[in-house]
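The values are calculated or read from the model by the stated rules, or taken from the named source; none is laboratory data. On a predicted model such as this, the values are computed, not experimentally measured, just so you know. Cβ sites come from the backbone with ideal geometry, for glycine too, and all protein chains shown count toward neighbours.
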Amino acid sequence: MNWHVYPIIFQIKSQLLIGWRKIGNLNQTRLYVPGKVVWAALTARLARNGFKELENEPVENPYQRTGSWLKKNARFTYLFPALKNEVNATLYPKSTKTGMVFGKDEIPKSEIQYLLLDSYASTALDYSFRSSEEGSLHETEYIRPRSRPLKGTSLQGKLNDPAFDELGAPVHLVGYLILKDEISEQIKITLNQLQFGGERRYGWGRACLVNDLANQDTINKLFDNWEIDNSSNDKLVIKNCIGGYLPAHALANQFIEQDLNSGTHDPVDETKISGKIEPVVGRETRDSRFSGRSISQARICWQPGSAVSADFKAVIGDYGILES
């Protein structure tokens, strides 16, 4: 089947926290938005607005039914930051011999962190003593809605607006929404109402869509080198014929087993992927009475940006994670 591919570019309007890990009293953020976060944000907003695709079905569990519909009919890539309103300006990660770099210009990780990240310190109050609660001081890292000034960095003078060198540039998120059918007007409108990540009750994570979502049947590539293979009926297959870097997490055990079953894998050699692995785990709501109480099963994955060899093929799963 032919999937309908829509590039989506959001401009961040407030601080963005995509929970990663905790070091000391610092809660760190990821430098990208996983597909599951995009799915969750769209599910929540469609369910609140009343999803028209499900208007003739029972009203029980609208969040669960909306989420299930999106899992069946949509795929979400990860969203990566950009300092331009352009797909080609995406700062996606690339694992190289000299370390992690970002985007076509291969900007060092330390420079990206300087430009995009900031933090906010806070504490709980103990009103009985009119002081802060002991042990509650913590710092929360976030992606800035506007970068730090570009002056003195490798991006100085490259964004066609001299003001950005002194004032910083608006930060965007770039990715793809891929649907089995053409996008509905309701989904187009809802994409302008999303909040991503944590601390949303404080207004964090607000973003607005800044590109046109006209039908994009001519698009057959994601993030430069990943071609869409429409030969499969229901699965969304992407392949990389020249080698490149993972645009999402990829299930580590499946791709190692794929190499073993092919008969070409030598246990001493590396697999077709080289990079770092990490467990992907998060909170889920399986009962509407207990929000976020359940913990998902950990999935061991290659990190986004891991290098892949030529002729690499993968399936984009429900939450954007790559499967064999």
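Annotation: of all residues in the stretch 165-209 being among the β-branched types (Val, Ile, Thr) and under 21 Å from PRO34 (Cβ atoms), the one that is nearest to the chain's Cα centre (by Cα) is VAL174.
Within the stretch 169-190, the residues that satisfy the criterion of being touching a Leu at 6+ places or on another chain (Cβ under 7 Å) and small (Gly, Ala, Ser) are ALA169, GLY175. Residues in the stretch 274-283: is at least one in a loop (DSSP other than H, G, I, E, B), at pLDDT 85 or above and acidic (Asp, Glu)? Within the stretch 274-283 (the criterion being in a loop (DSSP other than H, G, I, E, B), at pLDDT 85 or above and acidic (Asp, Glu)), the answer is no, since none of the residues qualifies.
Working only within the stretch 57-89, note down all residues that are farther than 14 Å from ALA248 by Cα and in a strand (DSSP E or B). Correct list: ALA74, ALA82.
The listed residues are LEU159, LEU117, LEU125, LEU137, and the only one of them that is modelled with pLDDT of 95 or more and of a type outside the set (D, E, K, R) turns out to be LEU117. Looking across ASP234, ASP212, ASP161, one residue alone is in contact (Cβ under 8 Å) with a residue 60 or more places away in the chain and of a type in the set (Asp, Glu). It is ASP234.
Residue-level analysis places PRO247 outside the set of residues that are within 26 Å of ILE300 (Cα to Cα), exposed (fewer than 14 other Cβ atoms within 10 Å of the Cβ) and modelled with pLDDT of 90 or more. Please work out if TRP204 is at pLDDT 80 or above, outside the structural domain of THR140 (by TED's automatic domain parsing) and either surrounded by 15 or more Cβ atoms within 10 Å (Cβ to Cβ) or under 15 Å from PRO145 (Cα atoms) (or both). Spelling it out, it is not the case that TRP204 is at pLDDT 80 or above, outside the structural domain of THR140 (by TED's automatic domain parsing) and either surrounded by 15 or more Cβ atoms within 10 Å (Cβ to Cβ) or under 15 Å from PRO145 (Cα atoms) (or both).
Pairs are defined by a Cβ separation below 7 Å, a sequence spacing of at least 6 or placement on different chains, a first member in the stretch 23-42 that is within 30 Å of PRO62 (Cα to Cα), and a second member that is among the charged types (D, E, K, R) and at pLDDT 95 or above; the pairs so defined are THR29/GLU141. Within the span defined as the stretch 16-25, one or more residues are within 23 Å of ILE277 (Cα to Cα), surrounded by fewer than 16 Cβ atoms within 10 Å (Cβ to Cβ), aliphatic (A, V, I, L, M) and out of contact with any helix residue (DSSP H, G or I) (no Cβ under 7 Å at 6 or more places or on another chain). Can you find a residue that is touching a Leu at 6+ places or on another chain (Cβ under 9 Å), assigned by TED's automatic domain parsing to the domain that holds LYS94 and part of a strand (DSSP E or B) anywhere in the stretch 36-50? No; the residues of the stretch 36-50 include none that is touching a Leu at 6+ places or on another chain (Cβ under 9 Å), assigned by TED's automatic domain parsing to the domain that holds LYS94 and part of a strand (DSSP E or B).
The sole residue among GLU134, GLU106, GLU182 that is more than 30 Å from GLY24 (Cβ to Cβ) and out of contact with any Ser or Thr (no Cβ under 8 Å at 6 or more places or on another chain) is GLU182.
From the list GLN297, GLN303, the lone residue that is buried (at least 17 other Cβ atoms within 10 Å of the Cβ), at pLDDT 85 or above and of a type outside the set (Gly, Ala, Ser) is GLN303. Within the stretch 122-178, the set of residues being under 30 Å from TYR319 (Cβ atoms) and among the aromatic types (Phe, Trp, Tyr) comprises TYR142, TYR176. Quick one: is GLY19 outside the structural domain of GLY282 (by TED's automatic domain parsing), more than 23 Å from ASN192 (Cβ to Cβ), under 17 Å from the mean Cα position of the chain (by Cα) and touching a residue at least 60 places away in the same chain (Cβ under 8 Å)? So GLY19 passes the test.
So that you can scan it fast, the table gives a plain yes or no per residue for (1) under 21 Å from GLY282 (Cβ atoms); (2) modelled with pLDDT under 95:
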site	(1), (2)
LEU31	yes, no
LYS36	yes, no
GLU55	no, yes
GLU60	no, yes
PHE76	yes, no
GLU111	no, no
